[in-house]
Amino acid sequence: MITKIIGSAGTGKTTTLNEICEEAINVYSPEEIGFFSFAKASIESLVKRFKQYEKKRFKWFRTLHSLCYLLLKQQRQFDLIELHLQELAEDTGLDLRDLRYINEMSYQREEYELFRQYCIARANRIKPEYNDIVKIWEEYKRQHNYLDFYDLIDICLDEKLIPKGIKLLIIDEAQDLNFQQWEYLKLLIEKAEQVYIAGDDDQAIYTFTGSNQNLFYQFNCDDEVYLSTSYRVPQKILQYALYFIETNVKRRYKKQVTSQINNGRIHILYFSDLGNFLNKHSSSNCMIIARCNYMLNDVKKILKDNHFDWYNPYTDNPFFHRMSSVILNNAFKCIDKLLNKEDLLQDEVLDLISIMPVGKFFKKGAKKALTSYQFNIQMATLYPYLKDEVIDAIKQGNRYEMLKFIPEKYEQHYMEWLEFSGKSKDYKRVIIGTIHSVKGGEADVVFLLNDMSQKIVNNLYDNNFKEQEARVWYVGLTRAKEILYIINGEQAFDLGL
């Protein structure tokens with residue numbers, strides 16, 4: 001029995017799947033249920049509901065890539081190249097450290113666009129063109145016995161390697177699956193007794209990675225369930241969002257209403273007003289989102305000036321995905337200890353030296369002097385090697401003053417470390433991210449930056465791209481539960497919302 005669940009933003013697709021899972025646990029054991037989604041956070045949230053079971057019993061609650069990684073690790077030795085992107089950049093000069101922003105990177109340099117096309121070919125199980133950048137990638141994998149995310153599913157698909165015993169199969173965000181992933185899921189579907197697949201073509205925003213929402217709608221099922229009532233988006237904001245997608249020719253029409261009593265509010269702001277309005281809503285759940293990641297750089301400056309912490313709960317902890325994770329973790333612990341006037345471990349100090357700039361944080365000669373210490377380093381011992389401005393920030397115990405000395409490339413990691421380590425709970429906090437990265441999220445108050453890059457503007461003349469872009473902005477607009485602030489762009493190109 002295959003049931004397809006179709007619902008627009010805020011209609012409770014994920015909640016419906018969670019309820020199905022909660023009922024099924026009375027019939028099936030945790031080992032007999034497979035729950036697959038793009039969002040690791042939503043999976044972990046669901047598992048926490050089943051407190052009567054050990055977490056390890058829900059071994060098939062994961063992303064598809066995580067599933068294939070687990071299955072292959074039981075058979076062979078390998079590592080993921082995505083965990084070694086820093087190493088790849090240092091050894092070959094191929095800098096893909098921000099691979100999750102490959103679409104944005106492709107706007108800037110031709111070689112990144114070539115690599116994106118390579119990824120799309122892999123997603124569609126088509127033999128890719130081997131240009132120079134792809135040759136470096138493939139050769140580096142071969143030399144170091146690495147696999148990439150596409151290899152994981154390709155190998156499992158070719159070898160028909162699937163988990164045994166899954167009787168209930170639940171798939172969320174199916175509109176964002178690509179051909180390769182659908183082919184693999186068909187192997188699981190064939191073996192399951194009951195299958196639920198949820199999706200919404202209006203929220204299909206990953207076509208740049210090879211996903212195809214038509215594969216979701218064309219997939220044969222025994223029953224279809226339509227969710228038409230939004231429990232998140234108020235009427236005024238919903239109507240405004242629908243304006244963007246109702247003209248999409250390839251869109252499947254769905255009736256959409258809201259259960260919200262309040263109509264919601266929409267306001268237009270200038271970027272220079274952002275700090276004032278953030279402080280106005282400092283006690284509310286706030287989110288700031290932008291079309292492209294680089295557009296958030298100026299936002300972070302405003303957040304620092306107004307003493308806000310920022311984080312993104314809808315993405316994975318970056319420390320699980322970087323070669324430098326231990327070094328960063330120790331360095332950030334060291335900064336926290338400095339602010340709390342605690343003595344430091346030698347290893348922590350050495351890691352701090354490796355990321356903090358001499359001349360801005362440390363005085364010249366600090367590295368040579370401090371590496372000679374064999375034991376814990378007391379604050380009084382460390383002070384002579386620190387710049388006067390750093391000592392002032394430590395004495396104030398002010399993390400925002402300390403943030404001025406952290407290299408810009410580590411600022412986001414530091415803020416996310418504060419969030420994941422529980423250090424942010426007593427501070428003003430705001431969620432920030434790209435529209436793609438907060439998909440599935442929501443907030444009472446949403447600030448949406450009305451900016452686009454030149455490449456996106458140029459591509460709006462292509463009807464297929466225009467429809468894709470309309471879906472992206474629809475997703476951004478429908479994150480708001482109460483108030484939507486549209487921030488007028490200060491860059492050269494804006495959407496004109």
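The values are calculated or read from the model by the stated rules, or taken from the named source; none is laboratory data. These numbers were taken from a predicted model, which means no experiment stands behind them. For neighbour counting, all protein chains shown are included, and Cβ atoms are generated from backbone atoms with ideal geometry for every residue, glycine included. Heavy atoms of the whole protein, side chains included, go into the accessibility calculation; ligands, DNA and RNA do not. Shrake-Rupley method; radii C 1.70, N 1.55, O 1.52, S 1.80 Å.
Being assigned to a strand (DSSP E or B), over 25 Å from Gln203 (Cα atoms), open to solvent by 20 Å² or more (accessible area, probe 1.4 Å) and out of contact with any helix residue (DSSP H, G or I) (no Cβ under 7 Å at 6 or more places or on another chain), is that true of even one residue in the range 270-283? Within the range 270-283 (the criterion being assigned to a strand (DSSP E or B), over 25 Å from Gln203 (Cα atoms), open to solvent by 20 Å² or more (accessible area, probe 1.4 Å) and out of contact with any helix residue (DSSP H, G or I) (no Cβ under 7 Å at 6 or more places or on another chain)), the answer is yes, since at least one residue qualifies.
Results for (1) under 29 Å from Lys255 (Cα atoms); (2) open to solvent by 10 Å² or more (accessible area, probe 1.4 Å); (3) among the β-branched types (Val, Ile, Thr), shown as yes or no for each residue.
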{"site": "Asp172", "(1), (2), (3)": "yes, no, no"}
{"site": "Tyr184", "(1), (2), (3)": "no, no, no"}
{"site": "Ile197", "(1), (2), (3)": "yes, no, yes"}
{"site": "Gln203", "(1), (2), (3)": "yes, yes, no"}
{"site": "Tyr206", "(1), (2), (3)": "yes, yes, no"}
{"site": "Thr209", "(1), (2), (3)": "yes, yes, yes"}
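Going through (1) touching an Asp or Glu at 6+ places or on another chain (Cβ under 8 Å); (2) open to solvent by less than 10 Å² (accessible area, probe 1.4 Å) one by one, Tyr217 falls short only on (2). Would you point out which residue out of Leu328, Leu338, Leu303 is touching a Pro at 6+ places or on another chain (Cβ under 9 Å), open to solvent by less than 40 Å² (accessible area, probe 1.4 Å) and not in a loop (DSSP other than H, G, I, E, B)? Only one candidate passes the filter, namely Leu328. Per the listing Ser45, Ser66, Ser37, the residue uniquely among the polar types (S, T, N, Q), closer than 18 Å to Tyr184 by Cβ and surrounded by fewer than 17 Cβ atoms within 10 Å (Cβ to Cβ) is Ser66. The residues of the range 158-190 that are over 22 Å from the mean Cα position of the chain (by Cα), part of a loop (DSSP other than H, G, I, E, B) and either over 17 Å from Leu70 (Cα atoms) or among the small types (Gly, Ala, Ser) (or both), listed by number, are Gly165, Lys167.
Pro128 meets the conditions (1) open to solvent by 40 Å² or more (accessible area, probe 1.4 Å); (2) at pLDDT below 95; (3) not in a helix (DSSP H, G or I) in every case but one. The failed one is (1). Entry remark, the range 415-428: residues being at pLDDT 80 or above and surrounded by fewer than 20 Cβ atoms within 10 Å (Cβ to Cβ) number 1 in total.
For the range 429-445, filtering for residues that are open to solvent by less than 20 Å² (accessible area, probe 1.4 Å), touching a strand residue (DSSP E or B) at 6+ places or on another chain (Cβ under 6 Å) and not in a strand (DSSP E or B) leaves 2.
Here is a check on your reading of the model: is Asn248 crowded, with 16+ Cβ neighbours inside 10 Å, among the polar types (S, T, N, Q), under 27 Å from the mean Cα position of the chain (by Cα) and not in a helix (DSSP H, G or I)?
Working: crowded, with 16+ Cβ neighbours inside 10 Å: yes; among the polar types (S, T, N, Q): yes; under 27 Å from the mean Cα position of the chain (by Cα): yes; not in a helix (DSSP H, G or I): yes.
The answer is yes for Asn248.
Condition check: in contact with a Ser or Thr (Cβ under 8 Å, 6 or more places away or on another chain), of a type in the set (D, E, K, R) and closer than 26 Å to Phe219 by Cβ. Does Lys59 satisfy that? Considered against the rule, which asks whether it is in contact with a Ser or Thr (Cβ under 8 Å, 6 or more places away or on another chain), of a type in the set (D, E, K, R) and closer than 26 Å to Phe219 by Cβ, Lys59 comes out as no. Flag: Ile120 matches the condition of being in contact (Cβ under 8 Å) with a residue 60 or more places away in the chain, farther than 25 Å from Glu19 by Cα, part of a helix (DSSP H, G or I) and not hydroxyl-bearing (Ser, Thr, Tyr).
Would you confirm, using the coordinates I've provided, whether Gly210 is in contact with a Cys (Cβ under 7 Å, 6 or more places away or on another chain) and of a type in the set (Gly, Ala, Ser)?
So Gly210 passes the test.
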